[in-house]
1. Can you say whether L226 is touching a helix residue (DSSP H, G or I) at 6+ places or on another chain (Cβ under 9 Å) and closer than 26 Å to A29 by Cβ, as far as the supplied structure shows?
2. Would you confirm whether or not the range 5-14 contains a residue that is among the polar types (S, T, N, Q), within 12 Å of the chain's Cα centre (by Cα) and assigned by TED's automatic domain parsing to the domain that holds I180?
3. Within the bounds of the range 175-182, is there any residue that is touching a residue at least 24 places away in the same chain (Cβ under 8 Å) and on the phi > 0 side of the Ramachandran plot?
4. Name the pairs whose Cβ atoms lie under 8 Å apart, with the first residue in the range 41-55 and touching a residue at least 60 places away in the same chain (Cβ under 8 Å) and closer than 18 Å to D65 by Cα, the second part of a helix (DSSP H, G or I) and not aromatic (F, W, Y), and 6 or more positions between them or separate chains?
5. Which ones in the range 115-150 are surrounded by fewer than 23 Cβ atoms within 10 Å (Cβ to Cβ), in contact with a helix residue (DSSP H, G or I) (Cβ under 7 Å, 6 or more places away or on another chain) and polar (S, T, N, Q)?
6. State all residues of the range 16-53 that are among the polar types (S, T, N, Q) and either surrounded by fewer than 20 Cβ atoms within 10 Å (Cβ to Cβ) or in contact with a Pro (Cβ under 9 Å, 6 or more places away or on another chain) (or both); if no residue qualifies, say none.
7. Being at pLDDT below 95 and in contact with a strand residue (DSSP E or B) (Cβ under 8 Å, 6 or more places away or on another chain) narrows it down to one residue among A124, A120, A98; which is it?
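The values are calculated or read from the model by the stated rules, or taken from the named source; none is laboratory data. Values in this document were obtained by computation on a predicted structure and should not be read as measured data. So basically every Cβ, Gly included, is an ideal-geometry build from the backbone, and we count neighbours across all protein chains shown.
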Amino acid sequence: METGLRNRVALISGASQGLGRATAAAFAAEGAHLTLCARNEQALSQLASELRERFGVQVHYQSCDARDRTAIETFVRNSHELYGRLDVCVTNAGGPPAKQFLETTQADWEDAFALNLRSAVDLARAVIPHMQRQHWGRIITISSITVKQPQPQLVLSNAIRAGVMGLVRTLANDFGKDGITVNNVGPGYTATARLLELAERRAAATGKTNQEIEQTWIGQIPVGRLGKPEEIAGTIVWLASEAASFITGQTILVDGGMYQGL
């Protein structure tokens, strides 16, 4: 499928590992140039070198905490000055810690809000004016299946990430006239370091092994396995492509059929 992404510029936050890293590779494979941010500068440097060598694309990167509004604004400004355009923005950040509700603190809630909702707001606010001038843009947020089906011990994610859906729907309504589509991708249980952390937490709480916890998750997934980061990335690239130009304001679950709603 021709995606129309060659020589476009894709900005990806949280790109040093997991879903962000897989997404960066997927865009590079389509010939898109990249601008990447994350807190781990060494991991970003290694990824940038790999993608330049493998795909022959340009890769800019900058160490940046998604919770730092000033750093986000500087990153976006530097990226636009370098490339002269910003076509795709993928907002991605690590999930909040797994806790029961009464274990959470005020600091937990404030951090989850800053990391998983406000960062998406800040990135959208920074990139949309550039996309408006181009009359073309794609904003894709990465959230979780929790936006449709809340999960045990993930009250922070269950509550905060639901706000991302409201943001996506509003931005889609407001900026469709400018040629900008805005969509959300909700991964199910996917084989990442984040999932390993969650398995360890659940195992400690229940007295089971990590493997037993993983099997309980797989038992909820009709296709009978965990997702792969590359499968989430493939959906994101498709939403950014010309083929998906009539899709906006939607949440696409990539969960192997785990969500049981209609």
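1. Details: touching a helix residue (DSSP H, G or I) at 6+ places or on another chain (Cβ under 9 Å): yes; closer than 26 Å to A29 by Cβ: yes.
So L226 passes the test.
2. Looking only at the range 5-14, we keep the residues that are among the polar types (S, T, N, Q), and these are 7, 13.
Applying the additional criterion that residues be within 12 Å of the chain's Cα centre (by Cα) yields 13.
Filter again for assigned by TED's automatic domain parsing to the domain that holds I180, leaving 13.
Yes, the conditions are met somewhere in the range 5-14.
3. Of the residues in the range 175-182, the ones touching a residue at least 24 places away in the same chain (Cβ under 8 Å) are 175-176, 178-182.
Still in the list and also on the phi > 0 side of the Ramachandran plot: 179.
Checked the range 175-182: at least one residue is touching a residue at least 24 places away in the same chain (Cβ under 8 Å) and on the phi > 0 side of the Ramachandran plot.
4. none
5. Q132, T146
6. So in the range 16-53, the residues among the polar types (S, T, N, Q) come out as 16-17, 23, 35, 40, 42, 45-46, 49.
If the condition is that a residue be among the polar types (S, T, N, Q) and either surrounded by fewer than 20 Cβ atoms within 10 Å (Cβ to Cβ) or in contact with a Pro (Cβ under 9 Å, 6 or more places away or on another chain) (or both), then Q17, T23, N40, Q42, S45, Q46, S49 are the ones that fit.
7. Working: A124 fails: at pLDDT below 95; A120 fails: at pLDDT below 95.
So the residue among A124, A120, A98 that is at pLDDT below 95 and in contact with a strand residue (DSSP E or B) (Cβ under 8 Å, 6 or more places away or on another chain) is A98.
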